[in-house]
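Single-structure report; data block below.
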């Protein structure tokens, strides 16, 4: 008879599921650790399923092979688990954090996030950050307002996967650095596929350090993290590899993320998000029922939760003239 969930041998530095804390205590599962249960709860959320129709870089791409926010999440999870296993950290915690880290992302990728943040800051004195919204999704919005009652360790990793504060656990730190590694590398592939980047344009010095293919770069970056983080209380990169990666990331911002055509489409996407936000703020009766008394928060939750195609459909229905007789 199975009497408790099995947790493999790990480093002393690893977070233990047996020590995990939930705001509302629960009976343990006989088959899964607390972090496995958190992963499964995230996997079954509506917010997770919506990630398949949320932009990674290119807005509403026509091809079937471009990354979406969902495939980005899966790639982060895969790479982060590799790092965690090599360092003998808690692979279940890493996976749960990775699966939940982008649940609160707005439609149209970072263009949508910046659109909401700019509008809220300029008009209402508030802010929007997708990591904070991801925590709100799992704490408040899912299960019809009940939240998922995830462990504090998972919520900490989700909240601090970006921003100035580092996660409290090494597992959270793994996801934080692997998130960047994953998107820079898969965005290079998508930019080449889209014809907006020639592989020959990639910076030679950085490619010499990191590798000339996605596979080689990932191997170099992951190996470096494992070698540099084998002891101590921090997940880190070596000075040479870390600096080369930061320069490659800056290259992607200068030549892809903030350049035409991605930047042109991002500008249009910003307009869609801000127009929808303004309209629902003036017509709160059109929002789905919610116990939330704060109208601004209700509108933010609703617009941020939209997929790209749902946002475009709502925009057309509200703002575009309709064909045919009135």
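We did not get these values from a lab; they are worked out from the coordinates using the rules stated. Note that the coordinates shown come from a computational prediction; the quantities given were computed from them, not determined experimentally. We place every Cβ from the backbone using ideal geometry, glycine too, and count neighbours over all the protein chains shown.
Observations, loosely collected:
- Packing-based order for 45-54, 122-131, 29-38, using average beta carbon neighbours within 10 Å, highest first: 29-38, 45-54, 122-131
- Among 167, 107, 289, the residue with the largest mean-square fluctuation in a Gaussian network model of the chain, with springs joining Cα atoms closer than 10 Å, is 289.
- Cα-based convex hull, region 267-326, per residue volume (Å³, whole number): 97 Å³
- Computed on the Cα trace of region 33-319, the radius of gyration divided by the Kirkwood hydrodynamic radius gives Rg/Rh = 0.97.
- Between residue 238 and residue 27, the FRET efficiency estimated from the beta carbon spacing at R0 = 35 angstrom works out to 0.20.
- Zero-based 5 Å bins, Cα pair distances in region 60-117, whole percents: 4, 18, 21, 18, 17, 12, 8, 3, 0
- Between residue 40 and residue 11, full extension at 0.36 nm per residue minus the direct alpha carbon distance yields a gain of 8.0 nm.
- Packing-based exposure ordering (other Cβ within 10 Å, fewest first) of 310, 108: 310, 108
- Here the sum of -39500 (n - 2.57) over DSSP H runs of 4 or more residues, divided by the residues of the chain, equals -16500 deg cm²/dmol at 222 nm, to the nearest 500.
- Spin-label model, residue 259/residue 285: points 7 Å from Cα along the beta carbon direction are separated by 5.0 nm.
- Subtracting the Cα-Cα distance of residue 140 and residue 208 from 0.36 nm times their residue separation leaves 19.9 nm of extension gain.
- Distance between the 7 Å Cα→Cβ label points at residue 52 and residue 310: 1.4 nm.
- Residue among 290, 229, 77 with the largest mean-square fluctuation in a Gaussian network model of the chain, springs linking Cα atoms under 10 Å: 290
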